[in-house]
Every structure is written in C-alpha cells, then in structure tokens.
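Comments concern the structure below.
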Amino acid sequence: MSGMIAHWGFHSSADADAARPIAFLDRDGVLNVGRQGYVNRPSEVELLPGVADVIAQLKELDFLICVVTNQSAISRGLWDTGQLEVIHQELQQQLLSRNEHAGIDLFLTCPHRYEDACGCRKPSPEMLYLGHQLLRMSGQKEQMYFSSKTHPISNRTVNWWGEKPEPFHPLDLMVGDRRSDMGAGWAYGARLFRVSAHEGIQAASSRLLNENDIGDAFQP
Ligand SMILES: [Mg+2]
Ligand SMILES: [Zn+2]
C-alpha cells in the first residue's frame with residue numbers, strides 16, 4: 001500500500017479550473033458522523049446535518065470540492081480500496097439525494113498508519129498538493145499516487161517553524177475537526193476552519209461562504 005488513493009467524482013478535466021478555488025474537506029466529523037474506530041461499510045455512512053446544502057452553496061460560488069481523509073484501516077488490513085470506494089460512492093449518493101448540486105469533485109485518501117511514515121498522512125499537506133495538481137493541472141486520472149518520498153507532488157517543502165505559505169489560490173480553504181487537519185491546511189496555505197465533530201461543516205457555513213473571512217489562526 002504505497003500511495004494516496006484517488007476516487008474521481010464530478011470533476012471534468014475539460015473545465016477551465018485553474019481559476020477556481022478549492023474547498024478541501026476532511027470527511028469524518030466534517031461531512032459524516034465519525035465512528036469509534038472507522039466508518040467500515042456503506043451502511044455506517046451517516047451525514048451530519050446540512051452538509052449537502054453547504055457543499056451546494058460552495059459549488060454555487062465556483063469552488064471545487066476535494067475530500068482529504070486519513071483512513072489507516074486500509075494499512076491495518078481491516079478492509080481494502082474497493083471497500084473505500086463503495087463507502088465514498090455511498091457518501092456521494094447520500095449528498096446528491098439531499099441536494100442535486102452537492103457533487104464531490106475528488107476524494108483523496110491516505111491509507112497509511114502513523115508508523116508507516118508515508119509522507120501523505122495529515123498533517124502532511126501532500127493530499128492537498130495532489131488535489132491542487134489534479135484538479136488544476138493534470139489530465140491524468142489514475143487511482144493511485146505516490147507520496148513525496150518517491151514522487152514529488154510539489155516542489156514546496158514545509159517549514160513548520162516559518163510563516164504560513166501563500167496559497168495557490170487566495171480562497172482555497174480547509175475544513176476539519178482535528179488539529180492534524182489544520183496542520184495540513186496551514187502547510188498548504190489554505191484558509192482554516194475548524195469545526196466540532198458533532199456539528200460538522202454546517203457550523204462554519206456562513207464563514208466559508210464569506211470570501212473576506214481569512215479563517216482561524218493556527219500555530220503548528
Ligand atoms: Mg475528521
Ligand atoms: Zn499516507
């Protein structure tokens with residue numbers, strides 16, 4: 001299990017997307033109810049309140065939607081990438097059943113454990129770099145992408161003791177319920193919005209939709 005896993009949703013590479021901002025969204029505790037352990041099967045996918053409408057509103061403002069999620073159950077051998085795909089299909093289907101405009105453009109997953117030292121697990125910004133690259137530049141739609149150890153996604157190196165970097169697009173944002181989400185978003189340069197796991201993304205909806213909101217302060 002050597003790379004990040006991509007599941008394509010609604011993104012069409014024919015779109016002129018370089019000018020569009022990206023909303024990077026953590027999954028568990030932001031879009032759906034997080035479980036003790038993991039969300040292990042489609043029947044355990046339970047949306048948090050108002051999520052579909054918030055995503056639709058972001059899309060109305062021209063955001064691309066990129067889910068970035070750590071799922072170490074895969075590296076632990078509890079289930080495989082096929083199971084991950086059906087879980088993401090279920091999440092997408094539930095979103096669309098509530099709001100037909102709530103399409104996710106791209107799901108990116110780090111399947112590793114902390115001790116795998118993979119280079120893509122949040123708080124590494126590697127999945128955000130990959131999302132930026134895939135949604136804005138590259139036409140290739142493969143399912144597996146190698147992390148920075150073997151194949152550099154970005155020329156950028158993270159200076160955790162320095163200033164927050166400039167984002168690739170000034171409106172790029174990251175929503176998460178954990179410090180590791182904020183770390184990944186900080187290292188990428190995104191506007192940061194931390195929410196509680198029982199409220200999810202709806203708690204920050206008015207802030208996300210306000211382009212003058214520079215996001216939460218964060219110190220790595
Ligand atoms: Mg989470
Ligand atoms: Zn990883």
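Quick notes on this structure:
- Applying the condition of being surrounded by fewer than 22 Cβ atoms within 10 Å (Cβ to Cβ) and near ligand 2 (Cβ under 10 Å from one of its atoms) to region 109-140 and asking which residue is nearest to residue 21 (Cα to Cα) yields 124.
- Of residues in region 41-50 being open to solvent by 40 Å² or more (accessible area, probe 1.4 Å) and within 23 Å of residue 178 (Cβ to Cβ), the one nearest to ligand 1 (Cβ to nearest atom): 46
- Screening residue 23 on (1) within 16 Å of the chain's Cα centre (by Cα); (2) within 16 Å of ligand 2 (Cβ to nearest atom); (3) of a type outside the set (Phe, Trp, Tyr); (4) buried (at least 23 other Cβ atoms within 10 Å of the Cβ) shows it passes everything except condition (2).
- Residue count, region 179-220 (criterion: open to solvent by 80 Å² or more (accessible area, probe 1.4 Å), in contact (Cβ under 8 Å) with a residue 60 or more places away in the chain and within 17 Å of residue 66 (Cα to Cα)): 1
- Boolean, residue 113 is of a type in the set (D, E, K, R) and in contact (Cβ under 8 Å) with a residue 24 or more places away in the chain: yes
- Residue check, residue 54 assigned to a helix (DSSP H, G or I) and in contact (Cβ under 8 Å) with a residue 12 or more places away in the chain: yes
- Residue count, region 51-82 (criterion: open to solvent by 20 Å² or more (accessible area, probe 1.4 Å) and touching a Lys or Arg at 6+ places or on another chain (Cβ under 9 Å)): 6
- Under the condition of being in contact (Cβ under 8 Å) with a residue 60 or more places away in the chain and part of a loop (DSSP other than H, G, I, E, B), the residues counted in region 70-90 number 2.
- Unmet criterion (only one of (1) aliphatic (A, V, I, L, M); (2) assigned to a loop (DSSP other than H, G, I, E, B); (3) within 16 Å of ligand 1 (Cβ to nearest atom)) for residue 67: (2)
The values are calculated or read from the model by the stated rules, or taken from the named source; none is laboratory data. Just so you know, these numbers come straight off a predicted model, no measurement behind them. Positions of Cβ are generated from backbone atoms using ideal geometry, with glycine treated the same way; all protein chains shown enter the neighbour counts. Please note that ligands, DNA and RNA were not included when accessible areas were found on the heavy atoms of the full protein model with its side chains. Shrake-Rupley method; radii C 1.70, N 1.55, O 1.52, S 1.80 Å.
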